[in-house]
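The values are calculated or read from the model by the stated rules, or taken from the named source; none is laboratory data. Just so we're clear, the structure is a prediction, and the values are computed from it rather than from any experiment. Note that we place each Cβ from the backbone using ideal geometry, even for glycine, and neighbour counts take in every protein chain shown. Side chains are part of the model used for accessible areas, which takes the heavy atoms of the whole protein and leaves out ligands, DNA and RNA. Shrake-Rupley method; radii C 1.70, N 1.55, O 1.52, S 1.80 Å.
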Amino acid sequence: MRDSLNEKAAMREPDTSTRREFFSQFLGLAGGTAALGAVSVLTLRPAEATPAMLATAIRNVTGAAVVKTGKVRLDIPPLVENGNTVPMTVSVTSPMTPDDYVKSIHVFNEKNPQPNIGNFYLGPRAGRGQISTRIRLADSQKIVAIAQLSDGSFWQTSVDVIVTLAACTDEVI
Amino acid sequence: MASALINVPAKAKRGEIIEIKTLMSHIMETGYRRTATGELIPRNIITSFSCRYNGAEIFRADLFPAIAANPFITFFTVATESGKFDFDWIGDNGFAESASALITVE
Amino acid sequence: MKSIPAIIGAALLVTAGIVAPLLATEIPQGARRSGYSFTAPETQAIQNDDTANPGMLSVLDGASLWKDKAGALSKACADCHHDAGVSMRGVAARYPAFDQALGRPVNLEQRINLCRVRNQQATPLAYESHELLALTAFVAEQSRGVAIETGADPQLEPFITKGRDLFMHRQGQLNLGCTNCHDDNWDKHLAGSAITQGQPTGYPLYRLEWQSLGSLERRLRSCMAGVRAQPYDYGAPELVELELYLMSRARGMPIETPAVRP
(Lines give C-alpha, C1' and ligand atoms only; values in the text may rest on other atoms or scores of the structure.)
Protein backbone atom coordinates (compact mmCIF):
# COMPACT_ATOMS: atom_id res chain seq x y z
CA MET A 1 0.00 0.00 0.00
CA ARG A 2 2.88 2.32 0.85
CA ASP A 3 4.16 2.12 -2.66
CA SER A 4 1.26 2.20 -5.04
CA LEU A 5 -0.02 5.35 -3.50
CA ASN A 6 3.35 6.86 -3.19
CA GLU A 7 4.38 6.01 -6.69
CA LYS A 8 1.33 7.63 -8.13
CA ALA A 9 2.52 10.72 -6.42
CA ALA A 10 5.98 9.92 -7.67
CA MET A 11 4.99 10.36 -11.26
CA ARG A 12 4.21 13.96 -10.46
CA GLU A 13 6.76 14.55 -7.76
CA PRO A 14 9.99 12.60 -7.93
CA ASP A 15 11.17 14.04 -4.63
CA THR A 16 8.44 12.46 -2.59
CA SER A 17 9.08 9.17 -4.25
CA THR A 18 12.77 9.25 -3.50
CA ARG A 19 12.18 9.80 0.16
CA ARG A 20 9.38 7.32 0.58
CA GLU A 21 10.92 4.56 -1.48
CA PHE A 22 14.03 4.90 0.54
CA PHE A 23 12.15 4.28 3.73
CA SER A 24 10.09 1.46 2.43
CA GLN A 25 12.93 -0.40 0.82
CA PHE A 26 16.34 0.33 2.06
CA LEU A 27 15.92 1.65 5.55
CA GLY A 28 17.88 -1.30 6.82
CA LEU A 29 20.98 0.03 5.14
CA ALA A 30 20.89 3.56 6.40
CA GLY A 31 21.40 3.57 10.14
CA GLY A 32 23.04 7.00 9.90
CA THR A 33 21.71 10.18 11.39
CA ALA A 34 20.57 11.53 8.04
CA ALA A 35 18.00 8.78 7.89
CA LEU A 36 17.05 8.90 11.53
CA GLY A 37 16.07 12.53 11.29
CA ALA A 38 13.13 11.70 9.08
CA VAL A 39 12.03 8.41 10.53
CA SER A 40 9.14 10.07 12.36
CA VAL A 41 7.20 9.80 9.12
CA LEU A 42 7.23 6.06 9.53
CA THR A 43 6.22 6.00 13.16
CA LEU A 44 2.73 7.26 12.36
CA ARG A 45 0.78 4.09 12.91
CA PRO A 46 -2.65 3.39 11.48
CA ALA A 47 -5.51 3.39 13.94
CA GLU A 48 -5.58 -0.17 15.19
CA ALA A 49 -8.56 -2.30 15.97
CA THR A 50 -8.46 -2.80 19.72
CA PRO A 51 -9.02 -6.09 21.55
CA ALA A 52 -12.39 -4.63 22.57
CA MET A 53 -13.33 -4.00 18.93
CA LEU A 54 -12.26 -7.53 18.07
CA ALA A 55 -14.38 -8.93 20.90
CA THR A 56 -17.38 -6.89 19.75
CA ALA A 57 -16.97 -7.98 16.13
CA ILE A 58 -16.84 -11.60 17.24
CA ARG A 59 -19.91 -11.18 19.48
CA ASN A 60 -21.81 -9.70 16.53
CA VAL A 61 -21.39 -13.08 14.85
CA THR A 62 -21.65 -15.49 17.75
CA GLY A 63 -24.09 -13.67 20.01
CA ALA A 64 -24.03 -15.12 23.50
CA ALA A 65 -23.01 -18.60 22.30
CA VAL A 66 -19.95 -20.28 23.75
CA VAL A 67 -17.13 -20.47 21.19
CA LYS A 68 -15.23 -23.71 21.57
CA THR A 69 -11.67 -24.27 20.43
CA GLY A 70 -11.15 -26.96 17.78
CA LYS A 71 -12.47 -28.29 14.46
CA VAL A 72 -11.17 -25.17 12.66
CA ARG A 73 -7.80 -24.99 10.98
CA LEU A 74 -6.25 -21.76 9.72
CA ASP A 75 -3.35 -22.08 7.28
CA ILE A 76 -1.39 -18.89 6.84
CA PRO A 77 2.36 -18.44 6.38
CA PRO A 78 3.89 -17.74 9.81
CA LEU A 79 6.35 -15.27 8.27
CA VAL A 80 4.86 -13.00 5.62
CA GLU A 81 6.94 -11.38 2.86
CA ASN A 82 4.51 -8.57 2.21
CA GLY A 83 1.44 -7.69 4.24
CA ASN A 84 -0.46 -6.54 1.15
CA THR A 85 -1.26 -10.05 -0.05
CA VAL A 86 -1.26 -12.85 2.48
CA PRO A 87 -2.73 -16.17 1.32
CA MET A 88 -4.97 -17.83 3.87
CA THR A 89 -7.03 -21.06 3.99
CA VAL A 90 -9.63 -21.96 6.60
CA SER A 91 -10.78 -25.56 6.78
CA VAL A 92 -13.35 -27.01 9.15
CA THR A 93 -13.71 -30.66 10.10
CA SER A 94 -17.24 -31.66 9.11
CA PRO A 95 -18.91 -34.57 7.28
CA MET A 96 -20.74 -31.97 5.12
CA THR A 97 -23.95 -33.99 4.98
CA PRO A 98 -27.46 -32.45 4.67
CA ASP A 99 -27.84 -32.43 8.45
CA ASP A 100 -24.29 -31.88 9.61
CA TYR A 101 -22.43 -29.18 7.75
CA VAL A 102 -20.56 -25.88 8.04
CA LYS A 103 -22.91 -22.91 7.79
CA SER A 104 -20.38 -20.11 7.82
CA ILE A 105 -16.75 -19.14 8.37
CA HIS A 106 -15.74 -15.75 9.82
CA VAL A 107 -12.21 -14.35 9.87
CA PHE A 108 -11.04 -11.54 12.15
CA ASN A 109 -7.81 -9.75 12.96
CA GLU A 110 -6.46 -7.87 15.91
CA LYS A 111 -4.59 -4.91 14.50
CA ASN A 112 -5.92 -3.77 11.15
CA PRO A 113 -8.02 -0.61 11.49
CA GLN A 114 -11.14 -2.77 11.29
CA PRO A 115 -11.46 -6.19 12.96
CA ASN A 116 -13.44 -7.98 10.21
CA ILE A 117 -11.68 -9.62 7.29
CA GLY A 118 -14.45 -11.66 5.70
CA ASN A 119 -17.60 -13.74 6.26
CA PHE A 120 -18.11 -16.81 4.09
CA TYR A 121 -21.45 -18.59 3.88
CA LEU A 122 -21.37 -22.23 2.84
CA GLY A 123 -24.00 -24.93 3.02
CA PRO A 124 -24.51 -28.68 2.77
CA ARG A 125 -23.82 -28.55 -0.97
CA ALA A 126 -20.25 -27.30 -0.48
CA GLY A 127 -18.93 -30.84 -0.04
CA ARG A 128 -15.94 -29.50 1.87
CA GLY A 129 -15.87 -26.92 4.67
CA GLN A 130 -12.96 -24.98 3.27
CA ILE A 131 -12.33 -21.54 1.77
CA SER A 132 -9.22 -19.63 0.68
CA THR A 133 -8.59 -15.97 0.03
CA ARG A 134 -5.82 -13.38 0.30
CA ILE A 135 -5.78 -10.76 3.01
CA ARG A 136 -3.96 -7.61 4.12
CA LEU A 137 -2.13 -7.39 7.41
CA ALA A 138 -1.05 -4.00 8.72
CA ASP A 139 1.28 -5.54 11.27
CA SER A 140 2.37 -8.75 12.94
CA GLN A 141 -0.71 -9.94 14.76
CA LYS A 142 -3.20 -12.62 15.69
CA ILE A 143 -5.78 -13.88 13.18
CA VAL A 144 -8.95 -15.56 14.46
CA ALA A 145 -11.17 -17.89 12.41
CA ILE A 146 -14.59 -18.94 13.69
CA ALA A 147 -16.96 -21.46 12.10
CA GLN A 148 -20.65 -21.95 12.74
CA LEU A 149 -21.92 -25.49 12.21
CA SER A 150 -25.45 -26.48 11.24
CA ASP A 151 -26.26 -27.41 14.87
CA GLY A 152 -25.62 -23.77 15.80
CA SER A 153 -22.32 -24.42 17.61
CA PHE A 154 -19.30 -22.14 17.13
CA TRP A 155 -15.69 -23.30 16.86
CA GLN A 156 -12.52 -21.28 16.62
CA THR A 157 -8.79 -21.20 16.15
CA SER A 158 -6.21 -18.42 16.08
CA VAL A 159 -2.76 -18.03 14.56
CA ASP A 160 0.03 -15.50 15.08
CA VAL A 161 1.56 -14.03 11.94
CA ILE A 162 4.81 -12.10 11.62
CA VAL A 163 4.79 -9.48 8.87
CA THR A 164 8.16 -8.24 7.63
CA LEU A 165 6.75 -5.58 5.29
CA ALA A 166 3.39 -4.41 6.53
CA ALA A 167 0.42 -3.20 4.58
CA CYS A 168 0.37 0.34 5.89
CA THR A 169 -3.10 1.69 5.91
CA ASP A 170 -2.76 5.24 7.07
CA GLU A 171 0.47 6.84 6.03
CA VAL A 172 0.98 10.50 5.66
CA ILE A 173 3.53 11.17 2.95
CA MET B 1 -11.72 -2.32 -17.29
CA ALA B 2 -12.83 -5.09 -14.95
CA SER B 3 -11.87 -8.61 -15.78
CA ALA B 4 -12.32 -11.83 -13.91
CA LEU B 5 -10.63 -15.19 -14.01
CA ILE B 6 -12.74 -18.20 -13.10
CA ASN B 7 -11.48 -21.73 -12.76
CA VAL B 8 -14.21 -24.38 -12.78
CA PRO B 9 -13.55 -27.86 -14.16
CA ALA B 10 -15.30 -28.23 -17.52
CA LYS B 11 -16.26 -31.81 -16.66
CA ALA B 12 -16.91 -33.67 -13.43
CA LYS B 13 -18.43 -36.94 -12.21
CA ARG B 14 -21.77 -36.75 -10.44
CA GLY B 15 -21.15 -36.38 -6.71
CA GLU B 16 -17.54 -35.28 -7.15
CA ILE B 17 -16.35 -32.42 -4.92
CA ILE B 18 -14.92 -29.71 -7.19
CA GLU B 19 -12.89 -26.63 -6.35
CA ILE B 20 -13.93 -23.26 -7.77
CA LYS B 21 -11.36 -20.44 -7.96
CA THR B 22 -12.22 -16.84 -8.72
CA LEU B 23 -10.07 -13.75 -9.25
CA MET B 24 -11.64 -10.31 -9.87
CA SER B 25 -9.71 -7.17 -10.76
CA HIS B 26 -10.40 -4.48 -8.18
CA ILE B 27 -8.23 -1.99 -6.32
CA MET B 28 -9.89 -2.68 -2.92
CA GLU B 29 -9.12 0.84 -1.71
CA THR B 30 -9.35 0.57 2.07
CA GLY B 31 -10.57 4.04 2.96
CA TYR B 32 -7.67 4.40 5.39
CA ARG B 33 -5.04 5.70 2.98
CA ARG B 34 -4.14 9.29 2.33
CA THR B 35 -2.90 11.17 -0.72
CA ALA B 36 0.38 13.06 -0.80
CA THR B 37 -1.53 16.16 0.31
CA GLY B 38 -3.10 14.41 3.28
CA GLU B 39 -6.62 13.84 2.03
CA LEU B 40 -8.27 10.57 2.89
CA ILE B 41 -8.88 8.41 -0.18
CA PRO B 42 -12.50 7.26 -0.01
CA ARG B 43 -13.20 3.58 0.47
CA ASN B 44 -13.80 1.66 -2.75
CA ILE B 45 -14.10 -2.07 -2.18
CA ILE B 46 -16.08 -5.08 -3.29
CA THR B 47 -18.47 -5.79 -0.42
CA SER B 48 -20.15 -8.95 -1.59
CA PHE B 49 -19.46 -11.99 -3.74
CA SER B 50 -21.82 -14.83 -4.52
CA CYS B 51 -22.05 -17.95 -6.64
CA ARG B 52 -25.19 -19.66 -7.96
CA TYR B 53 -25.30 -23.16 -9.42
CA ASN B 54 -28.20 -23.47 -11.85
CA GLY B 55 -29.90 -20.59 -10.09
CA ALA B 56 -29.47 -21.74 -6.48
CA GLU B 57 -27.01 -19.87 -4.27
CA ILE B 58 -24.24 -22.19 -3.11
CA PHE B 59 -21.72 -19.69 -1.75
CA ARG B 60 -21.65 -16.10 -0.57
CA ALA B 61 -19.06 -13.85 1.06
CA ASP B 62 -18.99 -10.42 2.74
CA LEU B 63 -15.69 -8.69 2.03
CA PHE B 64 -13.99 -6.00 4.12
CA PRO B 65 -11.05 -3.65 3.39
CA ALA B 66 -8.65 -6.31 4.73
CA ILE B 67 -9.25 -8.44 1.62
CA ALA B 68 -6.23 -7.96 -0.70
CA ALA B 69 -6.48 -6.05 -3.98
CA ASN B 70 -7.85 -8.17 -6.83
CA PRO B 71 -9.89 -10.45 -4.58
CA PHE B 72 -9.08 -14.14 -4.92
CA ILE B 73 -11.63 -16.51 -3.41
CA THR B 74 -11.78 -20.28 -3.66
CA PHE B 75 -14.39 -22.70 -2.34
CA PHE B 76 -15.87 -26.11 -3.05
CA THR B 77 -19.13 -27.59 -4.24
CA VAL B 78 -20.55 -31.00 -5.09
CA ALA B 79 -21.08 -31.48 -8.83
CA THR B 80 -24.75 -32.49 -8.99
CA GLU B 81 -25.87 -31.75 -12.54
CA SER B 82 -24.71 -30.18 -15.79
CA GLY B 83 -25.36 -26.48 -16.09
CA LYS B 84 -24.09 -23.07 -15.24
CA PHE B 85 -22.32 -21.25 -12.42
CA ASP B 86 -23.11 -17.55 -12.08
CA PHE B 87 -20.75 -15.31 -10.16
CA ASP B 88 -21.61 -11.83 -8.92
CA TRP B 89 -19.41 -9.18 -7.36
CA ILE B 90 -21.02 -6.10 -5.83
CA GLY B 91 -19.24 -3.13 -4.30
CA ASP B 92 -18.94 0.57 -3.53
CA ASN B 93 -19.75 3.23 -6.14
CA GLY B 94 -22.19 0.97 -7.91
CA PHE B 95 -19.62 -1.69 -8.76
CA ALA B 96 -21.44 -4.73 -10.16
CA GLU B 97 -19.76 -7.39 -12.28
CA SER B 98 -20.73 -10.88 -13.18
CA ALA B 99 -19.24 -13.89 -14.89
CA SER B 100 -20.34 -17.42 -15.57
CA ALA B 101 -18.89 -20.84 -16.29
CA LEU B 102 -20.36 -24.06 -17.67
CA ILE B 103 -19.93 -27.56 -16.35
CA THR B 104 -20.81 -30.96 -17.76
CA VAL B 105 -21.62 -33.57 -15.12
CA GLU B 106 -21.59 -37.21 -16.13
CA MET C 1 10.73 -2.96 8.86
CA LYS C 2 11.56 -2.98 12.51
CA SER C 3 11.39 -6.76 12.55
CA ILE C 4 14.31 -8.91 13.57
CA PRO C 5 15.09 -10.11 10.02
CA ALA C 6 15.40 -6.47 8.94
CA ILE C 7 17.99 -5.76 11.55
CA ILE C 8 19.89 -8.93 10.77
CA GLY C 9 19.70 -8.00 7.10
CA ALA C 10 21.29 -4.65 7.70
CA ALA C 11 23.97 -6.16 9.84
CA LEU C 12 24.74 -8.79 7.23
CA LEU C 13 25.17 -6.17 4.58
CA VAL C 14 27.60 -4.25 6.69
CA THR C 15 29.63 -7.31 7.57
CA ALA C 16 29.53 -8.41 3.95
CA GLY C 17 31.28 -5.19 3.13
CA ILE C 18 28.54 -3.93 0.86
CA VAL C 19 29.57 -0.43 1.69
CA ALA C 20 33.00 -0.78 0.16
CA PRO C 21 33.70 -3.66 -2.21
CA LEU C 22 36.16 -2.56 -4.86
CA LEU C 23 35.71 -4.90 -7.78
CA ALA C 24 32.35 -6.16 -8.93
CA THR C 25 32.13 -9.73 -10.15
CA GLU C 26 29.66 -10.82 -12.79
CA ILE C 27 27.46 -13.84 -12.17
CA PRO C 28 28.51 -16.85 -14.27
CA GLN C 29 25.85 -18.25 -16.62
CA GLY C 30 25.36 -21.44 -14.60
CA ALA C 31 24.70 -19.50 -11.38
CA ARG C 32 21.97 -17.24 -12.79
CA ARG C 33 18.76 -17.42 -10.81
CA SER C 34 15.43 -15.76 -11.33
CA GLY C 35 13.95 -13.64 -8.55
CA TYR C 36 11.29 -16.35 -8.40
CA SER C 37 13.68 -18.74 -6.67
CA PHE C 38 14.28 -16.25 -3.85
CA THR C 39 10.63 -15.62 -3.00
CA ALA C 40 8.55 -17.45 -0.40
CA PRO C 41 6.66 -20.60 -1.48
CA GLU C 42 3.34 -18.71 -1.07
CA THR C 43 4.47 -16.03 -3.52
CA GLN C 44 5.71 -18.68 -5.95
CA ALA C 45 2.32 -20.39 -5.68
CA ILE C 46 0.60 -17.20 -6.88
CA GLN C 47 2.84 -17.13 -9.96
CA ASN C 48 2.41 -20.87 -10.59
CA ASP C 49 -1.38 -20.77 -10.85
CA ASP C 50 -2.79 -18.56 -13.62
CA THR C 51 -6.15 -18.23 -11.85
CA ALA C 52 -4.39 -17.01 -8.72
CA ASN C 53 -2.01 -14.61 -10.51
CA PRO C 54 -3.45 -11.06 -10.70
CA GLY C 55 -0.97 -10.34 -13.49
CA MET C 56 -3.11 -12.58 -15.67
CA LEU C 57 -5.98 -10.11 -15.34
CA SER C 58 -3.83 -7.57 -17.18
CA VAL C 59 -2.90 -10.16 -19.79
CA LEU C 60 -6.63 -10.69 -20.35
CA ASP C 61 -7.14 -6.94 -20.71
CA GLY C 62 -4.22 -6.85 -23.15
CA ALA C 63 -5.82 -9.62 -25.21
CA SER C 64 -8.95 -7.55 -25.63
CA LEU C 65 -6.98 -4.34 -26.39
CA TRP C 66 -5.11 -6.33 -29.06
CA LYS C 67 -8.40 -6.58 -30.96
CA ASP C 68 -9.55 -2.97 -30.43
CA LYS C 69 -9.36 -0.64 -33.39
CA ALA C 70 -7.46 2.56 -32.57
CA GLY C 71 -6.10 5.74 -34.15
CA ALA C 72 -6.79 7.61 -37.37
CA LEU C 73 -6.30 4.41 -39.38
CA SER C 74 -8.82 2.56 -37.20
CA LYS C 75 -6.63 -0.52 -37.15
CA ALA C 76 -6.25 -3.08 -34.39
CA CYS C 77 -2.96 -4.76 -33.51
CA ALA C 78 -4.66 -7.97 -34.61
CA ASP C 79 -5.38 -6.56 -38.10
CA CYS C 80 -1.67 -6.60 -38.87
CA HIS C 81 -0.19 -9.10 -36.42
CA HIS C 82 -3.12 -11.56 -36.38
CA ASP C 83 -2.65 -14.37 -33.84
CA ALA C 84 -0.31 -13.04 -31.16
CA GLY C 85 0.49 -16.62 -30.16
CA VAL C 86 2.30 -16.92 -33.48
CA SER C 87 3.43 -13.40 -34.38
CA MET C 88 4.55 -12.34 -30.90
CA ARG C 89 6.07 -15.63 -29.72
CA GLY C 90 9.69 -14.94 -28.78
CA VAL C 91 9.50 -11.19 -29.39
CA ALA C 92 9.82 -10.14 -25.73
CA ALA C 93 12.86 -12.41 -25.42
CA ARG C 94 14.69 -10.15 -27.96
CA TYR C 95 13.89 -6.78 -26.39
CA PRO C 96 15.12 -4.06 -25.99
CA ALA C 97 15.90 -4.18 -29.73
CA PHE C 98 17.54 -1.75 -32.15
CA ASP C 99 15.18 0.54 -34.03
CA GLN C 100 16.68 1.57 -37.36
CA ALA C 101 14.68 4.79 -37.74
CA LEU C 102 15.60 6.04 -34.27
CA GLY C 103 19.14 4.66 -34.39
CA ARG C 104 18.90 3.39 -30.80
CA PRO C 105 17.43 0.56 -28.75
CA VAL C 106 13.77 0.63 -27.73
CA ASN C 107 12.12 -1.46 -25.05
CA LEU C 108 8.92 -3.43 -25.59
CA GLU C 109 6.67 -0.65 -24.28
CA GLN C 110 8.31 1.82 -26.64
CA ARG C 111 8.05 -0.63 -29.54
CA ILE C 112 4.31 -0.98 -28.92
CA ASN C 113 3.96 2.80 -28.82
CA LEU C 114 5.92 3.06 -32.08
CA CYS C 115 3.29 0.80 -33.64
CA ARG C 116 0.58 3.01 -32.25
CA VAL C 117 2.18 6.10 -33.75
CA ARG C 118 3.53 4.68 -37.02
CA ASN C 119 1.01 2.00 -37.84
CA GLN C 120 -2.22 3.09 -36.17
CA GLN C 121 -1.70 6.86 -36.23
CA ALA C 122 -2.76 6.91 -32.59
CA THR C 123 -1.26 8.76 -29.64
CA PRO C 124 1.34 6.85 -27.63
CA LEU C 125 0.07 5.34 -24.36
CA ALA C 126 1.49 6.79 -21.13
CA TYR C 127 4.19 4.82 -19.30
CA GLU C 128 2.67 2.68 -16.52
CA SER C 129 -0.83 3.31 -17.84
CA HIS C 130 -3.08 0.30 -17.45
CA GLU C 131 -3.41 -0.01 -21.24
CA LEU C 132 0.32 0.03 -22.00
CA LEU C 133 1.10 -2.42 -19.20
CA ALA C 134 -1.73 -4.70 -20.31
CA LEU C 135 -0.63 -4.74 -23.96
CA THR C 136 3.01 -5.25 -22.95
CA ALA C 137 2.08 -8.07 -20.57
CA PHE C 138 -0.05 -9.69 -23.25
CA VAL C 139 2.75 -9.49 -25.84
CA ALA C 140 5.41 -10.67 -23.37
CA GLU C 141 3.27 -13.52 -22.07
CA GLN C 142 3.41 -15.03 -25.58
CA SER C 143 7.12 -15.61 -24.88
CA ARG C 144 6.66 -17.43 -21.59
CA GLY C 145 9.34 -20.09 -21.34
CA VAL C 146 11.31 -18.71 -24.29
CA ALA C 147 15.02 -18.22 -23.53
CA ILE C 148 16.16 -14.59 -23.51
CA GLU C 149 18.45 -13.72 -26.43
CA THR C 150 18.52 -9.94 -26.21
CA GLY C 151 21.70 -8.36 -27.50
CA ALA C 152 22.50 -10.67 -30.39
CA ASP C 153 22.24 -7.73 -32.83
CA PRO C 154 25.77 -6.22 -33.16
CA GLN C 155 24.28 -2.71 -33.50
CA LEU C 156 23.35 -2.97 -29.82
CA GLU C 157 26.90 -3.45 -28.59
CA PRO C 158 27.76 0.15 -27.69
CA PHE C 159 24.44 0.50 -25.85
CA ILE C 160 25.00 -2.68 -23.85
CA THR C 161 28.38 -1.30 -22.85
CA LYS C 162 26.74 1.91 -21.69
CA GLY C 163 24.16 -0.04 -19.73
CA ARG C 164 26.87 -2.12 -18.13
CA ASP C 165 28.77 1.02 -17.12
CA LEU C 166 25.60 2.40 -15.55
CA PHE C 167 25.10 -0.89 -13.70
CA MET C 168 28.63 -0.71 -12.25
CA HIS C 169 28.55 3.01 -11.48
CA ARG C 170 28.04 4.09 -7.86
CA GLN C 171 25.30 6.61 -7.33
CA GLY C 172 23.01 8.28 -4.84
CA GLN C 173 23.57 9.32 -1.25
CA LEU C 174 24.26 5.68 -0.35
CA ASN C 175 26.91 5.62 -3.08
CA LEU C 176 26.03 2.15 -4.33
CA GLY C 177 26.03 0.71 -7.81
CA CYS C 178 23.51 -1.86 -8.97
CA THR C 179 26.37 -4.35 -9.07
CA ASN C 180 27.11 -3.92 -5.35
CA CYS C 181 23.76 -5.39 -4.50
CA HIS C 182 22.86 -7.61 -7.44
CA ASP C 183 26.28 -9.10 -8.35
CA ASP C 184 28.09 -8.99 -5.03
CA ASN C 185 25.36 -9.55 -2.46
CA TRP C 186 22.56 -11.47 -4.10
CA ASP C 187 22.64 -14.15 -1.45
CA LYS C 188 22.03 -11.59 1.31
CA HIS C 189 18.96 -9.90 2.76
CA LEU C 190 18.00 -6.26 3.03
CA ALA C 191 15.25 -5.06 5.36
CA GLY C 192 13.75 -8.54 5.44
CA SER C 193 13.71 -9.12 1.69
CA ALA C 194 16.14 -11.11 -0.41
CA ILE C 195 18.37 -8.93 -2.59
CA THR C 196 18.41 -11.40 -5.52
CA GLN C 197 20.41 -11.07 -8.73
CA GLY C 198 18.11 -8.37 -10.14
CA GLN C 199 17.08 -10.50 -13.12
CA PRO C 200 14.58 -8.90 -15.55
CA THR C 201 12.87 -12.13 -16.57
CA GLY C 202 9.32 -11.51 -15.39
CA TYR C 203 8.25 -8.04 -16.54
CA PRO C 204 5.77 -6.50 -16.56
CA LEU C 205 5.11 -8.25 -13.26
CA TYR C 206 2.70 -8.14 -10.34
CA ARG C 207 4.40 -6.86 -7.26
CA LEU C 208 2.61 -7.42 -3.97
CA GLU C 209 4.08 -4.17 -2.73
CA TRP C 210 2.54 -2.28 -5.67
CA GLN C 211 -0.70 -4.28 -5.61
CA SER C 212 -0.61 -3.93 -9.36
CA LEU C 213 1.35 -4.71 -12.47
CA GLY C 214 4.46 -2.61 -13.11
CA SER C 215 7.21 -2.35 -15.69
CA LEU C 216 10.91 -3.12 -15.38
CA GLU C 217 11.54 0.64 -15.55
CA ARG C 218 9.33 1.17 -12.51
CA ARG C 219 11.34 -1.46 -10.64
CA LEU C 220 14.65 0.16 -11.66
CA ARG C 221 13.40 3.57 -10.59
CA SER C 222 12.55 2.09 -7.18
CA CYS C 223 16.09 0.77 -6.85
CA MET C 224 17.54 4.14 -7.81
CA ALA C 225 15.31 5.93 -5.31
CA GLY C 226 16.38 3.30 -2.79
CA VAL C 227 20.00 4.43 -2.93
CA ARG C 228 18.70 8.00 -2.86
CA ALA C 229 19.67 8.78 -6.43
CA GLN C 230 17.40 10.80 -8.71
CA PRO C 231 15.70 8.14 -10.89
CA TYR C 232 15.87 8.57 -14.66
CA ASP C 233 12.57 9.49 -16.31
CA TYR C 234 10.47 6.75 -17.88
CA GLY C 235 11.77 6.09 -21.38
CA ALA C 236 15.10 7.87 -20.77
CA PRO C 237 17.90 6.38 -22.90
CA GLU C 238 19.83 5.48 -19.71
CA LEU C 239 16.95 3.37 -18.39
CA VAL C 240 16.61 1.56 -21.71
CA GLU C 241 20.38 0.92 -21.72
CA LEU C 242 20.14 -0.51 -18.21
CA GLU C 243 17.25 -2.73 -19.33
CA LEU C 244 19.28 -3.80 -22.33
CA TYR C 245 22.27 -4.71 -20.18
CA LEU C 246 20.05 -6.57 -17.69
CA MET C 247 18.39 -8.55 -20.49
CA SER C 248 21.71 -9.40 -22.14
CA ARG C 249 23.04 -10.38 -18.69
CA ALA C 250 20.03 -12.73 -18.41
CA ARG C 251 20.62 -14.45 -21.76
CA GLY C 252 19.41 -18.04 -21.71
CA MET C 253 16.95 -17.51 -18.85
CA PRO C 254 13.26 -18.12 -19.67
CA ILE C 255 10.72 -15.28 -19.82
CA GLU C 256 8.22 -15.56 -16.92
CA THR C 257 5.78 -12.73 -17.65
CA PRO C 258 3.61 -12.02 -15.74
CA ALA C 259 5.77 -12.96 -12.75
CA VAL C 260 4.89 -12.26 -9.12
CA ARG C 261 7.31 -10.66 -6.66
CA PRO C 262 6.97 -9.41 -3.09
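Taking the mean number of other Cβ atoms within 10 Å as a proxy for protection, how do you rank C:124-135, A:130-141 from highest to lowest?
Highest-to-lowest ranking by the protection proxy: A:130-141, C:124-135.
For chain B, calculate the relative contact order in percent as a whole number, restricting contacts to Cα pairs under 8 Å that are 6 or more residues apart.
Answer for chain B is 33 percent.
Once you average over the residues of A:111-119, how many Cβ atoms of partner chains fall within 10 Å of each Cβ?
Per-residue shielding by partner chains comes out at 5.
In percent, what relative contact order does the range C:55-141 have, based on Cα pairs under 8 Å that are 6 or more apart in sequence?
Answer for the range C:55-141 is 42 percent.
Evaluate the relative contact order of the range C:159-214 (contact order divided by residue number), counting alpha-carbon pairs under 8 angstrom at least 6 apart; express in whole percent.
RCO, the range C:159-214: 17 percent.
Take every DSSP beta bridge whose two residues both sit in the range A:55-173, then give the antiparallel share in percent to the nearest 5.
Within the range A:55-173, antiparallel bridges account for around 85 percent of the total.
What total accessible area, in Å², is buried where chains B and A meet, using a 1.4 Å probe and rounding to the nearest 100?
Buried area between the two chains comes out at roughly 3100 Å².
Report in % the part of the accessible area of the range C:159-214 that belongs to carbon and sulfur, leaving out ligands and nucleic acids; probe 1.4 Å.
The computed percentage sits at 50.
What ratio of Cα Rg to 2.2 N^0.38 Å holds for chain C?
Normalised Cα radius of gyration, chain C: 1.01.
Taking a probe of 1.4 angstrom, what is the accessible area of residue B:27 in Å², to the nearest 10?
In the full protein context, residue B:27 sits at about 80 Å².
Keeping all protein chains in place, calculate the accessible area per residue for the range A:51-163 (probe 1.4 angstrom), answer in Å².
Accessible surface, normalised per residue, equals 38 Å².
Run through every distinct alpha carbon pair of the range A:51-163 and return the Kirkwood hydrodynamic radius in angstroms, one decimal place.
14.2
How long are the three semi-axes of the equivalent ellipsoid of the range C:158-262, in whole Å, if each is the root of 5 times an eigenvalue of the C-alpha gyration tensor, listed from largest down?
19, 17, 15
At 1.4 Å probe size, what's the solvent-accessible area of residue B:105? Round to the nearest 10 Å².
10
Sorted from largest down, what three extents in whole angstroms do the Cα atoms of the range B:3-105 have along their principal axes?
The Cα atoms of the range B:3-105 stretch 57, 20, 19 Å along their principal axes.
Just need log10 I(q)/I(0) for the range C:49-184 at q = 0.11, 0.22 Å⁻¹, Debye formula, equal scatterers on the alpha-carbon atoms, no solvent, rounded to two decimals.
Log10 I(q)/I(0), no solvent term: -0.50, -1.32.
Ranked from the most accessible area to the least, with a 1.4 Å probe and all protein chains present, what is the order of C:169, A:106, C:182, C:81?
C:169, C:81, C:182, A:106
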